[in-house]
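Just so it is clear, none of the values below were taken in a lab; they were calculated from the coordinates. Since the structure is predicted, the reported quantities are computational estimates derived from the model, not experimental observations. Neighbour counts are summed over all protein chains in view; Cβ atoms, including those assigned to glycine, are modelled from backbone coordinates with ideal geometry.
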Amino acid sequence: MRLVAARPVDGLPLFVNVAIAEDAALATWERRAVWIGIGTMLALACCAALLSSLVRKSQALEQTTSQLDAALNNMSYGLCMFDGDGRLLVHNARYREMYALAPEDVRPGTSLRELMRRRIAAGTVCNDPESYLAELSSGRAGNNPTHITTRLDDGRVIAVLNDPTEDGGWVSVHEDITERTRAEMRIAHMARHDAMTDLANRLLFRERMDEAIGRLQANGDSFAVMIFDIDLFKSVNDSLGHSGGDALLEAVAERLRRSAAPTDTLGRIGGDEFAVIQTARPDPRAAATALAETLLQELRAPYDIEGKRIVIGISIGIAVAPDDGREPSQILKSADLALYRAKADGRGCFRFFEPAMDADVRLQREFEFELREALVRQEFEIHYQPIVDIATARPCAVEALVRWRHPHHGLIPPDKFIPVAEEIGLIIPLGEWILGAACRTAVAWPDDIRLAVNLSAVQFRSGTLVDVVRSALRSSGLPATRLELEITESVLLQKDQDSIAVLHELAGLGVRIVLDDFGTGYSSLSYLQLFPFSKIKIDKSFVAEMSSRSDCAAIVCTVMNLAKALDMGTTAEGVETQEQVDLLRAAGCREAQGWLFGRPGPASALTLDRPLGTPVASAVGRHRVA
């Protein structure tokens with residue numbers, strides 16, 4: 001087939017006729033069509049590839065976004081991002097949870113101030129939100145990160161890090177550090193408090209001392225420091241074990257808290273040693289006296305420890321700043337010296353520091369060294385004081401009383417060195433020597449004269465007391481029925497079954513057991529239930545005031561009636577006048593002891609064959625007392 005085209009020639013009577021074969025005419029178009037097709041296919045392929053790439057990237061972006069959302073919403077921190085105008089861009093679920101916000105409260109575009117208002121409504125804002133906003137604004141102005149720790153109204157502690165971004169906005173990270181803060185507080189508390197009693201330990205007590213001294217220097221605020229420990233605390237551990245001792249310390253600390261003022265600093269600064277810093281105006285000595293009297297009363301009331309009734313005593317030393325020191329070490333030393341004096345004065349009391357105490361303590365420290373050699377050098381000697389039958393005024397017994405013949409200080413009474421001997425353990429060999437020497441002396445006396453020897457609570461804990469008594473009786477030949485062993489309530493303080501068993505063993509030997517200083521302890525009557533004493537000795541403090549105080553006279557009469565009902569003998573100590581003898585006789589007392597009948601002296605000076613306390617002797621006795 002051919003394609004023919006004819007066209008006239010303008011201005012001429014001619015026609016142009018052109019013919020071309022169909023194949024030749026379409027050859028060029030077919031080539032172009034092929035190229036167009038190829039181009040179209042390539043374009044479609046490119047579009048398909050691009051579309052596939054876009055789909056993959058969209059899926060990857062969606063996955064990344066999902067992962068980012070998951071990461072943001074599952075992180076333990078609250079996170080939110082603000083633009084340069086302070087409007088919220090993004091946040092996570094933890095942020096909403098931390099501040100109890102609903103999704104509609106944290107829409108994008110919400111301003112920070114509006115967020116704070118909504119947190120106020122939810123009750124999850126800090127105490128001063130305006131200060132928080134001001135601190136954040138200050139950090140943004142300097143383009144510096146800000147670290148802000150806030151305590152919310154519900155007690156939680158939140159740490160907030162605000163980190164600025166390049167566009168003027170910032171990223172805010174919120175961390176709940178409540179448990180960490182509490183743990184840090186517990187650790188800090190433990191570092192400055194006693195683990196057992198939760199009272200201040202030495203570190204915190206010293207810090208509070210420094211603070212009190214700072215107030216003293218700045219404002220002249222005087223303060224008192226008192227130190228006390230538990231009398232015979234070791235016997236509690238020995239009888240109840242360390243668990244019982246720990247329980248007692250906790251109970252003492254609790255009573256101390258109830259007795260002291262909230263402004264006082266209470267500390268446990270040693271094993272059984274406690275301390276108090278008391279700031280009081282205008283008279284710190286009067287306030288310290290009142291607190292000390294309260295503690296003496298409250299802390300020696302009975303305790304129920306592991307099913308056992310425990311009674312303790314305390315001794316208190318008090319120093320007042322600035323009179324007794326201006327430095328912590330000096331004030332504590334003064335209080336410690338006062339405590340030492342309280343113990344030396346019989347325990348169960350309090351003493352204020354006095355300058356003379358320092359010299360006394362140095363003397364006591366010398367005693368500690370010299371006492372160890374005194375027994376070897378045979379510097380101890382025994383003096384004897386008669387005990388008379390009130391009905392006949394004749395001696396019926398003699399009490400052996402140890403003295404220390406010091407080469408420089410002369411004759412030293414037992415109240416000055418026996419407590420030291422007990423502390424250093426010398427009382428064990430000293431007590432054995434006293435018992436043996438006294439028994440050897442008494443065996444030469446008339447058969448109706450008994451020997452009275454004092455025993456220390458420390459000797460009961462030695463485990464050898466019964467053997468020592470048995471040996472002294474056997475070696476001297478003194479009948480056991482003529483020996484009286486005097487004990488104080490300190491032996492029975494903890495109602496220890498071992499001590500009670502020792503008393504029964506001693507009674508089994510045939511010796512008589514006497515309860516000395518009756519009436520001065522907290523639970524004297526209860527001790528009479530623990531053991532059938534042969535006799536009780538009425539403390540001289542009651543006898544001395546029988547004639548002037550009706551209550552003392554009533555106590556003495558009551559004790560006489562009680563002893564009679566329990567079939568126990570009675571001895572009144574400290575008798576110095578005939579009037580006291582007459583009153584004691586009327587009350588039914590059987591025996592008496594005191595300067596009226598003779599002072600302690602060597603055995604050679606004893607008068608055992610005639611009545612004592614005649615009017616002449618009475619006059620001498622009164623003169624000596626005066």
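Remarks
- Helix 202-219 and the long axis of the chain differ in direction by around 90°, with both axes built from C-alpha atoms.
- Put a plus charge on the Cβ of each Lys and Arg, a minus charge on the Cβ of each Asp and Glu, and nothing anywhere else: the dipole of the chain about its Cα centre is then about 300 debye.
- Within the stretch 282-404, percent of DSSP bridges classed antiparallel, to nearest 5: 80 percent
- Share, in percent, of DSSP beta bridges within the stretch 196-354 that are antiparallel, nearest 5: 85 percent
- Shape class of the stretch 78-181 from the Cα gyration tensor (axes a ≥ b ≥ c, square roots of the eigenvalues): oblate, since a/c reaches 1.5 or more and a/b does not exceed b/c.
- Ascending count of other beta-carbon atoms within 10 Å, so fewest first, for His504, His383, His408: His408, His504, His383
- On full extension, the segment bounded by Leu566 and Ser259 gains 106.7 nm, given 0.36 nm per residue less the C-alpha separation.
- Among residues other than His383 with Cβ under 10 Å from its Cβ, the summed charge is 0 (Lys and Arg +1, Asp and Glu -1).
- Sites listed here are trypsin sites (Lys or Arg not before Pro) in the stretch 502-609 whose DSSP assignment is loop and whose Cβ has at most 12 other Cβ atoms within 10 Å: Arg549.
- Förster radius 25 Å - calculated FRET efficiency between Arg192 and Arg285 (Cβ-Cβ, nearest 0.05): 0.30
- Labels on offer are [x] 76, 57, 49; [y] 198, 54, 48; [z] 93, 60, 59, and the one holding Cα extents along the principal axes in Å computed from this structure is [y].
- Exposed-loop-free span, longest in the chain, where GluC sites (Glu not before Pro) count as exposed if DSSP calls them loop and at most 12 other C-beta atoms lie within 10 Å: 307-626
- Taking amide H as placed 1.01 Å from N in the peptide plane, the amide H of His406 sits under 5 Å from that of Leu411, Ile412, each at least 5 places away or on another chain.
- Theoretical ellipticity at 222 nm over the chain - DSSP helices of four or more residues, -39500 (n - 2.57) apiece, nearest 500: -15500 deg cm²/dmol
- Segment Leu14-His242, extension gain: residue separation times 0.36 nm, minus the distance between their alpha carbons: 67.8 nm
- When each of Lys540/Lys564; Lys343/Lys416; Lys234/Lys537 is checked by Cα-Cα distance, pairs over 22 Å: Lys234/Lys537
- Cα long-axis angle, helix 233-259 against the chain (0 to 90 degrees, to the nearest 10): 70 degrees
- Fraction of antiparallel bridges per DSSP, the chain only, in percent to nearest 5: 75 percent
- Value of D in µm² per second that Stokes-Einstein yields for the stretch 371-625, Kirkwood Rh from Cα pairs, at 10 °C (1.306 mPa s): 85 µm²/s
- Working from label points 7 Å from Cα in the Cα-to-Cβ sense, the Ile36 to Met185 distance is 8.5 nm.
- Neighbours of Thr150, meaning other residues whose beta-carbon lies under 13 angstrom from its beta-carbon, give a summed charge of -4 when Lys and Arg score +1 and Asp and Glu score -1.
- For the chain, the longest principal axis of the Cα atoms and the long axis of helix 578-587 meet at an angle of about 70 degrees.
- Amide H contacts under 5 Å for Cys396, placed H, 5+ residues apart: Ile387, Val388, Asp389
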